[in-house]
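The values are calculated or read from the model by the stated rules, or taken from the named source; none is laboratory data. Just so it is clear, the model here is predicted, and its values are computed rather than measured. Please note: Cβ atoms are built from the backbone with ideal geometry, for glycine as well, and neighbour counts cover all protein chains shown. Surface areas here come from the heavy atoms of the whole protein model, side chains and all, with no ligands, DNA or RNA. Shrake-Rupley method; radii C 1.70, N 1.55, O 1.52, S 1.80 Å.
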Amino acid sequence: MKVLSINAGSSSLKFQMYEMPEEEVLISGRFERIGLDKAFYTIKYNGDKIQKEAELKNHGVCVEILINELLENKVIESLDEIKAVGHRIVHGGDKYSESVVIDKDVIKTIEDLSSLAPLHNPANLMGVKAFMKKIPNAVQVACFDTAFHQTMKEDRYLYAVPYDWYKKDGVRKYGFHGMSHRYVSERLSELVDKDYSNVIVCHIGNGGSISLVRDGKCVDTSMGFTPNAGIIMGSRCGDIDYSIIPYIAKKRGLSLEEIDTILNKESGMLGTSEISSDFRDIDEEIAKKNKQAIMAHYLFVNSIVNYIARYYVELNGRIDAIAFTAGVGENAPHVRRMVIDRLSCLGFKIDREKNDAIRFGKEGLVSAVDSKIPVYVIPTDEEVMIARDTYRLSNCE
Ligand code: AMP
């Protein structure tokens with residue numbers, strides 16, 4: 001059965017088509033600069049990658065082009081072959097603890113939740129609506145970034161602010177990157193070969209979050225009400241003292257919106273290093289002994305170590321494994337080494353040779369044989385998670 005996995009943003013749309021249940025990727029690609037000039041799309045098929053310019057007025061046009069490409073490349077003979085489409089939806093609030101088949105009520109709820117994710121939910125819905133129009137007979141499934149974290153208990157997700165803020169306005173921790181944390185924690189349980197396992201998942205990319213997962217359920221996660229909380233990220237500040245906001249607003253005459261943009265887009269590694277949000281650029285500067293790049297790197301490692309150590313202690317050290325994933329976690333062995341070295345007092349030990357060899361999509365163990373806790377690298381795959389949920393739910397229809 002053919003299933004599409006879709007991740008629609010305001011100006012981009014990424015897709016992968018799977019043959020399920022084999023999980024074979026048949027074709028994948030992305031549309032970029034939707035609604036802007038110089039729009040284009042790329043498609044990977046049969047080992048080839050093509051890029052084409054096109055006028056991408058809106059998401060509907062992208063879906064049109066996508067379907068034509070599927071037909072022209074003979075991935076499908078007719079539209080009826082696409083039985084189900086799974087969509088990544090950023091915010092499911094506390095309404096959804098798992099993926100759901102989309103109907104009118106679900107669309108309305110996702111719209112209502114847009115106040116919590118104004119940049120993401122409306123863009124995700126543009127993708128949903130475009131596919132519903134073009135292939136109305138296919139089952140459409142919503143897969144929420146927040147759903148996996150809904151197992152957190154009140155004493156984890158509440159902030160110490162007036163309770164009324166939570167009750168009336170939904171101010172609480174939600175957590176994000178849920179499809180990735182779920183994928184990696186499931187894979188980690190397979191690797192440690194235990195039905196019931198306690199694991200820590202470090203999703204460290206341009207955005208980053210760390211989760212504590214017990215028996216397949218999220219206990220706690222570092223992102224919060226928004227994705228801006230937790231560890232230091234490419235351009236997001238992570239945890240800071242909130243009082244900085246009124247202080248700097250007054251000092252610099254900045255509006256709340258301006259500060260919000262700075263904390264999201266000009267902070268993190270970019271803000272501290274004054275070089276780049278991309279770790280590859282910072283690494284180049286570290287090689288040249290740039291002091292600010294080195295300092296930013298330490299700050300970043302500290303924030304990761306703090307969360308791992310906190311979760312380790314909270315479970316009395318009963319952790320079966322930890323995993324690194326996403327752009328930095330999968331590809332930057334020196335970051336993994338620095339983090340694990342800093343945790344040596346807890347019995348963590350890296351195997352330098354193995355660690356250096358595992359990157360660019362490889363999965364494997366990077367800890368030493370005498371490490372108290374095994375440390376793995378597991379390349380994340382949010383798309384296949386969407387395809388799995390979509391396949392499962394469309395077969396229940
Ligand atoms: P993601 O958000 O998971 O796609 O991760 C993207 C980030 O991963 C980039 O912004 C880089 O900072 C980082 N990254 C990707 N490749 C490498 C690499 N080879 N070495 C260091 N960092 C990398």
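Springs join every pair of Cα atoms under 10 Å in this Gaussian network model of the chain, and among V85, V100, V128 the largest mean-square fluctuation is at V100. Between E53 and F360, the contour length at 0.36 nm per residue exceeds the Cα-Cα span by 107.7 nm. How many angstrom separate the Cα center of the stretch 169-248 from the Cα center of the stretch 301-360? Cα centroid to Cα centroid, the span is 15 Å.
Farthest towards the positive end of the charge dipole of the stretch 79-158, among the residues T109, H87, S97, is the Cα of H87, using unit charges on the Cβ of Lys, Arg, Asp and Glu. Principal-axis analysis of the Cα atoms of the chain puts helix 178-192 at an angle of about 70° to the longest axis. When all alpha-carbon pairs of the stretch 188-284 are counted, what percent fall beyond 17 Å? Of all Cα-Cα distances in the stretch 188-284, 59 percent exceed 17 Å. Rounded if a/c is under 1.5, else prolate if a/b beats b/c, else oblate: with a ≥ b ≥ c from the C-alpha gyration tensor eigenvalues square-rooted, which is the stretch 46-163? Because a/c hits 1.5 or more and a/b exceeds b/c, the stretch 46-163 counts as prolate. Label reach from N73 (point 7 Å along Cα→C-beta): in the stretch 13-39, amide nitrogens under 12 Å belong to 15-18, 25-31. Result for the chain in a Gaussian network model with C-alpha springs under 10 Å: among P246, P21, P136, the largest mean-square fluctuation is at P246. The alpha carbons of the stretch 58-125 stretch over 41, 23, 17 Å along the principal axes, in descending order.
Within the stretch 76-168, antiparallel bridges make up roughly 25 percent of the DSSP beta bridges whose residues both belong there. Only protein heavy atoms count here; on that basis, with a 1.4 Å probe, K251 has an accessible area of about 140 Å². In the stretch 190-328, the DSSP beta bridges split such that about 70 percent are antiparallel, to the nearest 5. Axis angle, to the nearest 10 degrees, between helix 256-265 and the longest C-alpha principal axis of the chain: 90 degrees. Annotation: F225 carries an accessible surface of approximately 70 Å², with a 1.4 Å probe and no ligand, DNA or RNA atoms counted. Relative to the longest principal axis of the Cα atoms of the chain, helix 59-72 runs at roughly 70 degrees.
Per-peptide packing, taken as the mean over residues of other Cβ atoms within 10 Å, places 378-387, 40-49, 165-174, 139-148 in the sequence 139-148, 378-387, 165-174, 40-49 from highest down.
Computed from label points 7 Å out along Cα-Cβ, the spacing between M132 and K38 is 3.5 nm. Of all DSSP bridge pairs formed entirely within the chain, close to 70 percent run antiparallel.
What is the log10 of I(q)/I(0) for the chain, computed with the Debye formula using one identical point scatterer on each Cα and no solvent, at q = 0.06, 0.10, 0.13 Å⁻¹? Once normalised to I(0) and log-transformed, intensities are -0.25, -0.71, -1.20. Taking a ≥ b ≥ c as the square roots of the eigenvalues of the alpha-carbon gyration tensor, the stretch 135-210 is classed oblate because a/c is 1.5 or more while a/b is no larger than b/c.
A DSSP coil position with no more than 15 other Cβ atoms inside 10 Å describes the following GluC sites (Glu not before Pro) in the stretch 273-357: E274. The Cα center of the stretch 260-297 and the Cα center of the stretch 32-83 differ in position by 36 Å. Expressed as a whole percent, the accessible surface of the stretch 121-169 that belongs to carbon and sulfur atoms is 55, based on a 1.4 Å probe. Loop-located trypsin sites (Lys or Arg not before Pro) across the stretch 176-234 with a Cβ neighbour count of 14 or fewer within 10 Å are K194, with loop assigned by DSSP. Counted residue by residue at 0.36 nm each, then reduced by the alpha carbon distance between them, the extension gain from K265 to D155 reaches 36.6 nm. Taking only the C-alpha atoms of the stretch 23-100, the Rg (one decimal) and the largest Cα-Cα distance, Dmax (whole number), read 14.9, 42 Å.
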